[in-house]
Amino acid sequence: VQFQEYVFLQFLDLDKAPSPQKFQPVPYILKKIFQDREAAATTGVSQDLCYVKELGVRGNVLRFLPDQGFFLYPKKPFQASSCLQKLLYFNLSAIKEREQLTLAQLGLDLGPSSYYNLGPELELALFLVQEPHVWGQFTPKPGKIFALQSVPWPQGALRFNLLDVAKDWNDNPQKNFGLFLEILVKEDRDSGVNFQPEDACTRLRRSLHASLLVVTLNSDQCHPSRKRR
Amino acid sequence: AAIPVPKASCKNLCHRHQLFINFRDLGWHKWIIAPKGFMANYCHGDCPFSLTVSLNSSNYAFMQALMQAVDPETPQAVCIPSKLSPISMLYQDNNDNVILRHYEDMVVDECGCG
């Protein structure tokens, strides 16, 4: 069985059987695509397995990469109203050479988008980190700004298209130093509500969840659908 | 003239047999999130000449079965999948990535003599 397992794992494009410590939660989008495909297979509906209609891209492998970065606690915050600083890092090594990236979507889940327990308006800045993080240095030297947007409460999940950056990281892994995320509390004079920024920031630090959804197309497995005899 | 073909009993003739792959049997339930298993099936059975004209078989299987009826030395045509379908698998790798992947030709839907 050992030999056969090895052969079958090769077929699944795996060097060896994974042995995860604990199961990660399955993101909604993957669950939905999986269930749609299962339903289509059950009803015998023919489907193009190399096109992900829910995302509108070609591809036959979808990977949900968890953020492997860490929070930064600078002594002197980058800016006075700084609420949260985090280095975001995604390990793209699982992507095989012959796979072509067709989608890379950064997901930032800032917590429940509910009107209960409203907090202050936030300003979110994403920078590309272009130098390795030096331990002891509190804030990485942020490179080019990648995104800057204000985020009215309630926040929910934000999405950013990271395809070009991910392609560059995939082609040049040594350049992948991740992203620097900074979230600031925006002064809110006219709302009349005096928020406790610290509470909002503590809550935000607890609920922030970053991930990278990548879709790749494996040309060996995605030949133009040949007519079956 | 019709060539008298030995009557093979139906259950020995080429057809699809059920085969459920249970990932727990392989110890793979520790990393495959879904499905828990799938009905893969397999093809097995004889391919006498009479079958190659009824089952959706290939032309060369027909010729081979014809030759086999004339010259028993000729090997019989074989029972193989003639229609396959894919499955999707949700699994987790060692980097805690959750992966959804589609694999072609994993389920045998129909068999024929080839």
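The values are calculated or read from the model by the stated rules, or taken from the named source; none is laboratory data. Everything numeric here is computed off the predicted structure, so don't read it as measured data. Glycine also receives a Cβ, built like all others from the backbone with ideal geometry; neighbour counts cover every protein chain displayed.
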Requested in this report: Tell me which of these B:ASP105 doesn't satisfy, since it passes every other one: (1) on the phi < 0 side of the Ramachandran plot; (2) under 18 Å from the mean Cα position of the chain (by Cα).
Outcome: (1)
Query raised in the report: Of all residues in the stretch A:10-64, how many are closer than 17 Å to A:LEU103 by Cα and of a type outside the set (Ser, Thr, Tyr)?
Result: 19
Report task. Taking the residues in the stretch B:89-102 that are without any contact (Cβ under 8 Å) to a residue 24 or more places away in the chain and part of a strand (DSSP E or B) as candidates, determine which candidate is nearest to the chain's Cα centre (by Cα). Result -> B:HIS102
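Identify all residues within the stretch B:61-76 that are within 14 Å of another protein chain (Cβ to nearest Cβ) and surrounded by fewer than 19 Cβ atoms within 10 Å (Cβ to Cβ); write none if there are none. Can you show your working first?
First, the residues of the stretch B:61-76 that are within 14 Å of another protein chain (Cβ to nearest Cβ): B:61-62.
Answer for the stretch B:61-76, where residues must be within 14 Å of another protein chain (Cβ to nearest Cβ) and surrounded by fewer than 19 Cβ atoms within 10 Å (Cβ to Cβ): just B:PHE62.
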Query raised in the report: Taking the stated definitions as given, is B:TYR42 more than 10 Å from chain A (Cβ to nearest Cβ) and among the aromatic types (Phe, Trp, Tyr)?
Result: yes
Report task. Take the residues in the stretch B:77-88 that are more than 8 Å from chain A (Cβ to nearest Cβ) and surrounded by 19 or more Cβ atoms within 10 Å (Cβ to Cβ), then tell me which one is nearest to the chain's Cα centre (by Cα). Result -> B:CYS79
Report task. Can you confirm whether the stretch B:39-59 contains a residue that is touching a residue at least 40 places away in the same chain (Cβ under 8 Å), closer than 28 Å to A:THR216 by Cα and not acidic (Asp, Glu)? Result -> yes
**Report entry** Among residues of the stretch A:9-39, those that are exposed (fewer than 14 other Cβ atoms within 10 Å of the Cβ) and assigned to a helix (DSSP H, G or I), counted
**Finding:** 6
Report summary line: Scanning the stretch A:194-229 residue by residue, those at pLDDT 85 or above and within 14 Å of chain B (Cβ to nearest Cβ) turn out to be A:HIS209, A:ALA210, A:SER211, A:LEU212, A:LEU213, A:VAL214, A:VAL215, A:THR216, A:LEU217, A:ASN218
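Yes or no, residue by residue, for (1) facing chain B (nearest Cβ under 7 Å); (2) in contact with a helix residue (DSSP H, G or I) (Cβ under 8 Å, 6 or more places away or on another chain); (3) touching a residue at least 12 places away in the same chain (Cβ under 8 Å):
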| residue | (1), (2), (3) |
| --- | --- |
| A:VAL7 | no, no, no |
| A:LYS16 | no, yes, no |
| A:SER19 | yes, yes, no |
| A:GLN35 | no, no, no |
| A:ALA39 | no, no, no |
| A:GLY44 | no, no, no |
| A:CYS50 | no, no, yes |
| A:LEU62 | yes, yes, yes |
**Report entry** Extreme residue, surrounded by the fewest Cβ atoms within 10 Å (Cβ to Cβ), among residues of the stretch B:1-31 that are of a type in the set (A, V, I, L, M) and modelled with pLDDT of 90 or more
**Finding:** B:LEU19
Report task. Output yes when any residue across the stretch A:184-193 is modelled with pLDDT of 90 or more and out of contact with any His (no Cβ under 9 Å at 6 or more places or on another chain), and no when none is. Result -> no
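In this structure, is B:ILE21 in contact with a Gly (Cβ under 6 Å, 6 or more places away or on another chain) and in a strand (DSSP E or B)?
Working: in contact with a Gly (Cβ under 6 Å, 6 or more places away or on another chain): yes; in a strand (DSSP E or B): yes.
For B:ILE21, the condition - in contact with a Gly (Cβ under 6 Å, 6 or more places away or on another chain) and in a strand (DSSP E or B) - is met.
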Query raised in the report: Quick one: would you say A:LEU30 is of a type in the set (A, V, I, L, M, F, W, C), facing another protein chain (nearest Cβ under 7 Å) and touching a Ser or Thr at 6+ places or on another chain (Cβ under 8 Å)?
Result: no
